[in-house]
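Below: one structure, written as structure tokens.
Nothing in this text is a laboratory measurement; each read-out follows from the coordinates by a stated rule. In this text, all values refer to a predicted model and were calculated from it rather than measured experimentally. As a convention, Cβ positions derive from the backbone with ideal geometry for all residues, glycine included, and neighbour counts pool all protein chains shown.
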Amino acid sequence: MTSHVEETLVLVKPDGVARNLTGQVLARIEAKGYTITDLRMLVPTREMLVRHYEEHEGKPFFEPLVEFMGSGPVVAVRVRGQRVIEGFRSLAGATEPTTAAPGTIRGDLGRDWGEAVQKNLVHGSDSTLSAERELAIWFG
Ligand code: DAT
Ligand code: MG
């Protein structure tokens, strides 16, 4: 087996923090066997969020997304493990909480609130390139 020990960026979004679900998200990461190597709570600036979500600039949900993500504290987590980028995306579940599979964070704990942006509790980097770029934004 080839070694693919990686690091990914996980965010507990403002809805997750406000709903007191940070502990449950961290517990699922740890129970899976991944290692938390850094963690911070902050209210992100608009500049950070525009960089973080640059691939979505121009989409109808972009402004609501940036506004929502800056609406309160976020917990940023650096997580390490073999194939953790793919593994955390699997733990998180599909983008839409309504159709995210039960057993996933979004499927078990999220729902659609009928707003312009999906509030789906967590973010996870989607590739090694994104992980590297995003970790630099949130952890310097
Ligand atoms: P993911 O977070 O699953 O990687 P994404 O990168 O496509 O999803 O989108 C970033 C976030 O934007 C997502 O977590 C929730 C929100 N979002 C995505 N598509 C949306 C849509 N069609 N309507 C409302 N919000 C959306
Ligand atoms: Mg994404």
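Key figures
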item	result
³J(HN,Hα) computed for each position of region 8-14 - Karplus, 6.51 cos²θ - 1.76 cosθ + 1.60, integer Hz, glycine/proline x	10, 9, 10, 10, 8, 6, x
Taking ARG78, ARG46 and counting other C-beta atoms within 10 Å, the order from fewest to most	ARG46, ARG78
Whole-Å distance, taken between Cα centres, linking region 82-135 and region 1-77	9
Residue order, fewest to most surrounding Cβ atoms within 10 angstrom, among HIS4, HIS52	HIS4, HIS52
Protection proxy ranking, peptides 9-16, 36-43, average beta carbon neighbours within 10 Å, highest first	9-16, 36-43
Dipole magnitude of region 5-139 about its Cα centre (Cβ charges: Lys, Arg +1; Asp, Glu -1), debye to nearest 20	400
Likely footprinting exposure, ILE137, ILE105, fewest C-beta neighbours within 10 Å first	ILE137, ILE105
Selection from PRO60, PRO44, GLN24 lying farthest towards where the dipole of region 5-139 points positive, charges on Cβ	GLN24
Stokes-Einstein translational diffusion, region 1-95 - Kirkwood Rh over all Cα pairs, 1.567 mPa s, 4 °C, in µm²/s	90
